[in-house]
1. Out of curiosity, is residue 157 within 28 Å of residue 280 (Cα to Cα) and within 14 Å of the chain's Cα centre (by Cα)?
2. Determine, yes or no, whether residue 148 is of a type in the set (A, V, I, L, M, F, W, C) and over 26 Å from residue 76 (Cβ atoms).
3. With the structure loaded, tell me whether residue 290 is without any contact (Cβ under 8 Å) to a residue 60 or more places away in the chain and among the small types (Gly, Ala, Ser) or whether it fails that test.
4. Identify all residues within the range 351-388 that are assigned to a loop (DSSP other than H, G, I, E, B) and farther than 28 Å from residue 302 by Cβ; write none if there are none.
5. Looking only at residues that are in contact (Cβ under 8 Å) with a residue 60 or more places away in the chain and among the β-branched types (Val, Ile, Thr) in the range 352-392, which one is surrounded by the most Cβ atoms within 10 Å (Cβ to Cβ)?
6. Consider residue 348 carefully, then state whether it is closer than 18 Å to residue 266 by Cβ and in a loop (DSSP other than H, G, I, E, B).
7. Looking at (1) at positive phi; (2) touching a Lys or Arg at 6+ places or on another chain (Cβ under 7 Å), can you tell me which one residue 111 breaks?
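The values are calculated or read from the model by the stated rules, or taken from the named source; none is laboratory data. Bear in mind the structure is a predicted one, so any value in this text is a computation, not a measurement. So basically every Cβ, Gly included, is an ideal-geometry build from the backbone, and we count neighbours across all protein chains shown.
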Amino acid sequence: MPAAFPSVLIGSGRPLTLRGAGHSCGGQTVTGDELLVTYAPDTAANQVRDLGDGLIEVPAGMDWYGLERYLNRRGRAFPVLTDYLHMSVGGTLSVGGFGTNSVRYGMQVDHVERIQLIDGMGASRWCSRTDHPELFRFALGGLGTVGLIERAVLRTVPYQRYTHVHRTRHASLTELVEHTERIAQRDDVDIYCASLRGGMLSSTTGWGGISAQRCSNENCSIVPDLPFAEHTGRAAATPSDKVRLWTDYVVPAAQFAPMLAAAEALLHRAPLNRVLTMLYILIVRRPAAATPFAFAPVGTDPVSIGLGLYTSVERDPAAIAATRHMFRDLLERCCELGGHPYLYGVNDLDDSLAERLYGTDLDQLAQLRSSHRLEHVNAHLPLVKATVRTRD
């Protein structure tokens, strides 16, 4: 495939849908009669460039598994990894990117130095906090609405092979909330996640490096290469008679208790009591002076907490509609608490809700798409449709 192919295709003006590895769960990468522009991760590894000073330039089509292996062999690591590593770099940068390391390092997009972006005319330009800063702010976490990310320069950290991992069982959601809030107030934790799965409430807290003092009880273990040891198959194929509906909400840390209470109120009611496969919690501590990305799910609060609800629903229109209605109620509550949805997931945005969430950034997105001739790219996305409707 010629290197110029993405630029030529996007510049053709034909309706296009951009896709990373295709693991979105809200229909963002689904196309009907449009052309589908996707990545080829198998051809990406030989295009990595080490720029020195901890900076690495990578093709957006490379997957995180291959990139992290590449970095570890050279004594480096990427600060934040998702729990499923066979997603493309460009794909997760287009939604934000969270992981257990977010408790220390924030989102994946917080560690991007610059990106090479292809616009609707096929023109390619490097964007950063100083060069084309608005494109940079809208592209990262922006679902491909302002162009295709072709390459990215990422900031890495020194590789630490071992992690001390502490696992805790919790007797109730109230106890889990209190534990999570205590961890959110600390600044010395390297990994954190919590979940409700199979009726079991548990949390995982970890610190990098080797220190026997960290492991003083039977619930602690020293794990080598944790991102690979706990690499999950959550993105495995869904059974043919089910549809995967996943969504995440991120609220300021101080609002986590009422957000979880809203979800708990639905745990014993249909349809959630029948379809929920996991409730998942992450803490997100953003770096100082982090870029205020337009559509990423974390706002200006220094510490936020994400709440994910993952369901497997029968392919029945009524069951799907009931689950989406429940998600919409939770999204309304999230907004009331000053939070945002993670646009990777299932989120039904109408005009008023989009306006409440993104305000004047919708107008700015419309201007960027017009000036860079992007009307034919990802035009099916609810976020893009909201920009059209709010301007009418």
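1. When the stated conditions are applied, residue 157 does not pass them.
2. yes
3. No.
4. Passing the criteria: 372, 373, 374, 375, 376, 378, 379, 380, 381.
5. Per the criteria, the residue is 377.
6. yes
7. (1)
Results for (1) surrounded by fewer than 24 Cβ atoms within 10 Å (Cβ to Cβ); (2) on the phi > 0 side of the Ramachandran plot, shown as yes or no for each residue.
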| position | (1), (2) |
| --- | --- |
| 72 | yes, no |
| 75 | yes, yes |
| 101 | no, no |
| 141 | no, yes |
| 149 | no, no |
| 153 | yes, no |
| 171 | yes, no |
